[in-house]
Amino acid sequence: MLLNMIRLLPKERFRCTLVTFKIDETLDLFKELPCPHLVLPLGRTYDWNALQTARRLRKFIREGEVRIVHTFHETSDLWGGLVSRMKGGPALVSSRRDLGILRLPKHNVAYRLMNSSFDLVLTVSEEVRRACIRMDKIPENKICTLYNGIELSRISQVNGAGQQLRNSLKLPPHAPVILTVGHIRHVKGIDVLVEVAAKVIPEFSNAVFLVIGRNSDPAHFLQIEARIAQLGISSNLRFLGESENVLSLLKMGDVFFLPSRSEGFSNALIEAMACGLPCVATRVGGNAEAVEEGHNGYLVESEDATSAADRILRLLRDPTAAKKLGATGRKIVEERFSAEHMIGQLVQHYDRLLEGRRN
């Protein structure tokens, strides 16, 4: 989403540079960055190397006449934000992407100390906004929600490749396909998806559950595999790993299921909606801000495999109604979660900050 912001900001108005503490330039995502980038290797945030890195960052900001520093994630928020703060320096914007589930107690203290330095805090959902106000004591007039935006034109260009893609995955003919997208770790609830699958398969014995995302927690994955074997449903679950073909897979599917235990705001969820999939999602984080109960999908409580299976079965039993819900989801993305809408709001925020500094 950060790279999309950089790529889509009006080039005639904004000159962007990506500053990062580490980057894997072998990944496809970073092979063709949409702007110049500066890598400032940072291990500890309080040793001699950190001091030298701080000097380089401040020099870059001054010599580059940087007018806005927009930080993402804890280290850039706290360390980078502090270093970037200088008299007569740039406006400082913080982007909060989750509910703070990975924070340590020291991060909470540091955020409360740093928050007065930020000119603006942008949250990825209203739920994250409320959490930041509650946890970090940010004044309400200094914090706004900026939803992630999807490039609908890019999604429209993707070929679902229907039967051809099904054949390549060796899916049974006419098998219902339920997908989820997310790295395999406890917070993503893939273990709950397994329990849901076990409740769906007795009625739809050929149903296939596809999990797209890398194995980020091998120990947790071993537990998941053991449970699948115990339930005897190995042939109904496929773990595809990371894929550059996510949109085509979504377009091939029948239902999208997001079993997360925590979310800030799920890109995968709005991508599935943009692909016309009816969605079942847990009522956590910003999910309820995208899925409207009974309108474009269903919401269930986290850990409630029985309710999730019931909603998926409803959709599989009535493909016509499911298709209608999926079409409604696509319209919601067009109205509220398009890239154009996101960039338009971001430009307005930047303009207000720049105008305030001129005054």
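Every read-out reported here was derived from the displayed coordinates using simple, explicitly stated rules and does not represent laboratory data. The structure presented is a predicted model; accordingly, all values stated were derived computationally and were not measured. For neighbour counting, all protein chains shown are included, and Cβ atoms are generated from backbone atoms with ideal geometry for every residue, glycine included.
Report the Cα centroid-to-centroid distance between region 52-95 and region 1-45 in angstrom, as an integer. Between the Cα centres of region 52-95 and region 1-45 lies a distance of 15 Å. With the convex hull drawn over the C-alpha atoms of region 152-336, the volume per residue is 104 Å³. Against the chain, whose longest principal axis comes from its Cα atoms, helix 305-317 is set at around 70 degrees.
Close amide H pairs (under 5 Å, H built 1.01 Å from N) link Ser125 with Leu146, residues at least 5 positions away or on another chain.
Volume per residue of the convex hull around the Cα atoms, evaluated for the chain, comes out as 149 Å³. Potential lengthening of the chain between Arg130 and His107 amounts to 6.5 nm, from the contour at 0.36 nm per residue minus the alpha-carbon distance. Summing Lys and Arg as +1 and Asp and Glu as -1 over all other residues whose Cβ lies under 13 Å from the Cβ of Tyr298 gives a net charge of -3. Positive contributions from Lys and Arg (+1) and negative ones from Asp and Glu (-1), summed over other residues with Cβ under 12 Å from the Cβ of His183, come out at +1. Any chance you could check the Cα centroid distance between region 229-290 and region 105-132 for me, in angstrom? If we compute the Cα centre of each part, the gap is 28 Å.
Less than 5 angstrom separates the built amide H of Ala91 from those of Ile68, Val69, all sequence-distant by 5 or more or on a different chain. Building the convex hull from the alpha-carbon atoms of region 96-237 and averaging its projection over directions returns 12.1 nm².
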